[in-house]
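Asker: Below you'll find the structure I mean.
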């Protein structure tokens with residue numbers, strides 16, 4: 001059944017682990033993330049003939065991922081493509097004995113509160129280690145917009161993390 | 001010595017390794033003198049480390065079954081291109097025929113298609129004066145065109161198909177101006193999008209295709225606008241771009 005993947009196809013396949021990592025961080029949920037990756041891959045296979053050899057495959061795959069995510073968000077508008085907060089933090093890969101595990105859980109939870117557009121930029125740069133120019137290409141936004149989303153997102157995340165646990169505690173108590 | 005003041009962008013550039021070695025040193029010197037900024041930078045670096053600590057383990061997870069298998073028939077290099085094109089044209093023709101049959105009653109604004117084709121023929125080969133406002137000033141371009149045609153527009157994103165915005169201009173329609181966006185891929189192939197307000201006499205209309213003088217055009221009408229996208233490529237490729245435009249405008 002399983003046929004050998006061609007060299008060209010391998011270019012897509014080798015992106016999959018990073019697409020999954022990004023999707024997990026973006027959606028905060030394993031199942032939603034893998035659905036998103038699956039959507040993205042189907043679209044990529046269908047459009048593969050449009051990809052121009054020599055151009056940036058990673059940026060192209062993340063463009064498709066971004067469009068798929070936007071579609072998902074549009075379909076369930078009220079959910080904003082997000083999962084409940086308890087699932088969100090539970091899905092983060094925190095080993096119970098990991099150092100700073102409470103802090104990490106905090107970051108995962110606060111990321112959820114950022115606007116999607118800021119979350120995308122923070123993760124593409126901070127987690128996927130894309131250059132600013134690659135993010136501009138992947139999200140099809142000007143470099144200046146990348147910078148302002150990055151700056152605002154990081155500052156907002158910083159403020160959310162710094163604030164007393166009030167928000168988180170209230171959410172649990174209610 | 002500090003060459004010039006450190007900007008907010010450069011603080012982030014420092015965090016993300018986007019600065020050259022010399023500027024890095026200058027930023028480090030600056031941070032020594034500005035403890036508040038140093039704390040911000042430290043926090044930003046900690047954010048990045050936290051993302052990795054949280055999600056890097058996903059890289060090691062085995063892939064779900066079948067995820068790495070190509071899902072659609074691939075256009076293999078061994079298949080002669082002409083054969084692929086013939087199949088695609090047939091598929092396109094059939095879907096086009098059904099498309100038409102379903103919408104026979106709608107008014108057919110063929111003029112939008114021919115105006116778009118003519119504009120494409122005139123502007124797409126231009127090298128120096130292809131657009132009036134280029135993509136660097138996209139925000140200005142979009143607000144200017146929106147104002148002129150009286151409907152809020154956007155320049156759709158076509159990166160998925162390998163095309164990026166070159167810019168745009170104002171062009172004539174029958175009685176009011178139309179907005180015109182030009183896109184280009186890495187090979188220098190261009191597609192153009194012609195958009196105008198929908199006339200009161202026009203009904204909504206789904207995608208239609210027209211081919212004239214080597215230029216293919218997909219055109220359609222939604223609640224607010226009439227659209228025509230023109231390019232010199234297979235119908236199937238142009239269809240994909242038309243659908244990207246539709247989905248972007250529905251955002």
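Asker: Name every residue in segment B:29-56 that is touching a helix residue (DSSP H, G or I) at 6+ places or on another chain (Cβ under 8 Å) and more than 14 Å from chain A (Cβ to nearest Cβ), in order of residue number.
Answerer: B:30, B:31, B:32
Asker: For segment A:138-147, give me the residue count where each residue is at pLDDT 95 or above and either more than 9 Å from every other protein chain (Cβ to nearest Cβ) or not in a helix (DSSP H, G or I) (or both).
Answerer: The qualifying residues number 1.
Asker: Among the residues of segment B:230-251, is any over 18 Å from residue B:115 (Cβ atoms), under 17 Å from the mean Cα position of the chain (by Cα), at pLDDT below 90 and part of a loop (DSSP other than H, G, I, E, B)?
Answerer: yes
Asker: Out of B:38, B:29, B:68, B:46, I need the residue that is surrounded by fewer than 18 Cβ atoms within 10 Å (Cβ to Cβ) and assigned to a loop (DSSP other than H, G, I, E, B). Which one?
Answerer: On inspection, the qualifying residue turns out to be B:68.
Asker: Sticking with this one: So which helices (runs of 4 or more DSSP H) are wholly in segment A:26-125 and hold at least 1 residues that are modelled with pLDDT of 90 or more?
Answerer: A:30-46, A:57-75, A:101-112
The values are calculated or read from the model by the stated rules, or taken from the named source; none is laboratory data. A quick note: this is a predicted structure, and the numbers were derived from the prediction, not measured. With ideal geometry, Cβ positions are generated from the backbone for all residues, glycine too; neighbour counts draw on all protein chains shown.
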